[in-house]
Each structure stands twice: as C-alpha cells, then as structure tokens.
Amino acid sequence: VVTTQRDGQTLFTARQTMSAASVSPPECFFSSPGPERVDIRDVANLPDGRSAVLSSRTLWIRDEAHRRYFGYTLTASDLPPDMRLVLLGSYLVATTETRAFAVPLSKLGFGDSCAKAEVNIAASVVELSATQLAVSPATDAIWLLGADGSLNKWQNGNQSQVLPPRTRPGPETSKFQSGDKADDTLYFAQSDRIWSYSGTRRTWQSTPVDTG
C-alpha cells in the first residue's frame, strides 16, 4: 500500500506491505529535500559511493534508496565560506587553513526512513584549530602549527606533538667559551656550567660544573 503524506511543506510517500496477519512498518520516500536555498561550501564522494554536501552548518548526505537527503549538524555556528571537504582515513574532514572539523564516518549512518532526517552530531566531531593548518591526504594526517611554534600531528583520531613550543630565551651566547656537537644536541661551555641545546626538542638545559 502506498500513501501520500505531508510534513509541513514537504510532500512524501509512504509504503507498507500488508498481509492477512500483519502490516509492515512504513518505508518513506522523498521525505527530506535536503540543502535547498542554502550556502553550499563543498561536495565530496564518500568511500561507499554516497554523495556529501557541506552547507553553512550541516553536512547533507544523499540517501538514494529513499530519495532524500539526511542532514548532520556539525556546529552551532556558521562554517567559514572557504571550508572544504577531504577524506582522511575513517574521517570526513571539513577544513580551512586554520580550522578543521573531523567527522567519523561511522557517525554518518541513516536513521529510519520515516524519522526526522536531521541529527546533531556535534558531540562526535573533533574540532582542531591552529595558526596554520596543513592537510596531508597521502598520510591521512593534519599538521597543526601553533602560535608558540609548537607542531602537532592529528591522525586517525589521535593528536601527538612533533615539536614542542619554542624554548624560553637561552643562555647569553657571548659567554660561550667552546662548543661541540653529538647527534642532534649542541654543547657549549661557560666558565661555571655546560649548556646543551636539543634540536629535536628545541630546549636548553644546563649542568653546573664544579670549578673548585
């Protein structure tokens, strides 16, 4: 049995299978027209072949089986106009040069065909920000450069530090008496201590020297 129904301004159809003993739950079609008359930021194809459309606040995905769009609210505020979509491993990421919203693909399933076709998944979205942000599709990673000089890498839902913040001002180099290098560490001698600088950690350390 196919019936025509209305939800506000939306006209859609519902189908049920009837037998002598039971009636199946309804299956709805055309129940959500999707991102009409909205600011579209970008579009992308998902690994399973579905199409995703990013608007000012919502990610819309086409449900071809039921001829509708299913919406996922990512944030309470409008997304920047220059935001773009990119696939990174098991995440769909909306990104600019300074911000990113990483959405787990596992959260982009469709609900019941007759239920409300828009859900808020902001609590599942990972928001990243940096002074400069770079996306690497080849490694499914996002590199984040902080204002303090720190460098972090986000990958597969995990964030790790690559370089720490810039170290505080080091010793007065005019008082260095000699210098040497071992691996990535530089060593400098002063009259009362030995200074070492780690190129990997970008930090200074000093060791007092007994001059007595």
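The values are calculated or read from the model by the stated rules, or taken from the named source; none is laboratory data. Since the model is a prediction, treat every value here as computed from it, not as a measurement. Every residue, glycine as well, gets a Cβ built from its backbone with ideal geometry; the counts of neighbours run over all protein chains shown. With ligands, DNA and RNA removed, areas are computed over all heavy atoms of the protein, side chains included. Shrake-Rupley method; radii C 1.70, N 1.55, O 1.52, S 1.80 Å.
Every residue, every condition in (1) in a loop (DSSP other than H, G, I, E, B); (2) under 23 Å from Gly157 (Cα atoms); (3) open to solvent by less than 50 Å² (accessible area, probe 1.4 Å), yes or no:
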{"position": "Gly34", "(1), (2), (3)": "yes, no, yes"}
{"position": "Pro47", "(1), (2), (3)": "yes, yes, no"}
{"position": "Leu59", "(1), (2), (3)": "no, yes, yes"}
{"position": "Arg62", "(1), (2), (3)": "no, no, no"}
{"position": "Asp78", "(1), (2), (3)": "yes, no, no"}
{"position": "Pro81", "(1), (2), (3)": "yes, no, no"}
{"position": "Ala94", "(1), (2), (3)": "no, yes, yes"}
{"position": "Val103", "(1), (2), (3)": "no, yes, yes"}
{"position": "Phe110", "(1), (2), (3)": "yes, yes, no"}
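Quickly run through region 192-212 and pick out the residues that are modelled with pLDDT under 75, polar (S, T, N, Q) and loosely packed, with under 10 Cβ neighbours inside 10 Å. Explain how you work it out, then say what you get.
Going residue by residue through region 192-212, those that are modelled with pLDDT under 75 are 199-202, 211-212.
Remaining after also requiring polar (S, T, N, Q): 200, 211.
Matches in region 192-212: Thr211 only.
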Single condition Trp154 does not satisfy, out of (1) surrounded by 14 or more Cβ atoms within 10 Å (Cβ to Cβ); (2) at pLDDT below 95; (3) in contact with a strand residue (DSSP E or B) (Cβ under 6 Å, 6 or more places away or on another chain): (2)
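Select, from Ala189, Ala182, Ala141, the only residue that is within 30 Å of Leu46 (Cα to Cα) and either acidic (Asp, Glu) or open to solvent by less than 50 Å² (accessible area, probe 1.4 Å) (or both).
Numbers: Ala189 fails: within 30 Å of Leu46 (Cα to Cα); Ala182 fails: within 30 Å of Leu46 (Cα to Cα).
Going through Ala189, Ala182, Ala141 in turn, just one is within 30 Å of Leu46 (Cα to Cα) and either acidic (Asp, Glu) or open to solvent by less than 50 Å² (accessible area, probe 1.4 Å) (or both): Ala141.
Matching residues to (1) touching a residue at least 24 places away in the same chain (Cβ under 8 Å); (2) out of contact with any strand residue (DSSP E or B) (no Cβ under 9 Å at 6 or more places or on another chain); (3) more than 29 Å from Trp204 (Cα to Cα):
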residue	(1), (2), (3)
Tyr72	yes, no, yes
Ser90	yes, no, yes
Ala100	yes, no, yes
Leu105	yes, no, yes
Glu118	yes, no, yes
Ala123	no, yes, yes
Val126	yes, no, yes
Thr139	no, no, yes
Ala147	no, yes, no
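Out of all the residues in region 115-133, which are in a strand (DSSP E or B) and either open to solvent by less than 50 Å² (accessible area, probe 1.4 Å) or acidic (Asp, Glu) (or both)?
Of everything in region 115-133, those that are in a strand (DSSP E or B) and either open to solvent by less than 50 Å² (accessible area, probe 1.4 Å) or acidic (Asp, Glu) (or both) turn out to be Glu118, Val126, Glu127, Leu128, Leu133.
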Quick test for you: out of Pro171, Pro165, pick the one residue that is in contact with a strand residue (DSSP E or B) (Cβ under 8 Å, 6 or more places away or on another chain), free of Cβ contacts under 8 Å to residues at least 60 places away in the same chain and in a loop (DSSP other than H, G, I, E, B). Pro171
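Count, please, the residues in region 149-162 that happen to be in contact with a Lys or Arg (Cβ under 6 Å, 6 or more places away or on another chain) and either not in a strand (DSSP E or B) or not hydroxyl-bearing (Ser, Thr, Tyr) (or both).
To start, the set of residues in region 149-162 that are in contact with a Lys or Arg (Cβ under 6 Å, 6 or more places away or on another chain) comprises 149, 160, 162.
From what's left, either not in a strand (DSSP E or B) or not hydroxyl-bearing (Ser, Thr, Tyr) (or both): 149, 162.
Total meeting the criteria: 2.
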Result of the Cβ filter at 8 Å on region 1-24, keeping first residues that are within 11 Å of Cys114 (Cβ to Cβ) and partners that are of a type in the set (Gly, Ala, Ser), at least 6 apart or interchain, is Gln5/Ala14; Asp7/Ser31; Phe12/Ser31; Gln16/Ser24
Any residue at all in region 50-57 that is part of a strand (DSSP E or B), surrounded by fewer than 20 Cβ atoms within 10 Å (Cβ to Cβ), touching a Pro at 6+ places or on another chain (Cβ under 7 Å) and in contact (Cβ under 8 Å) with a residue 12 or more places away in the chain? no
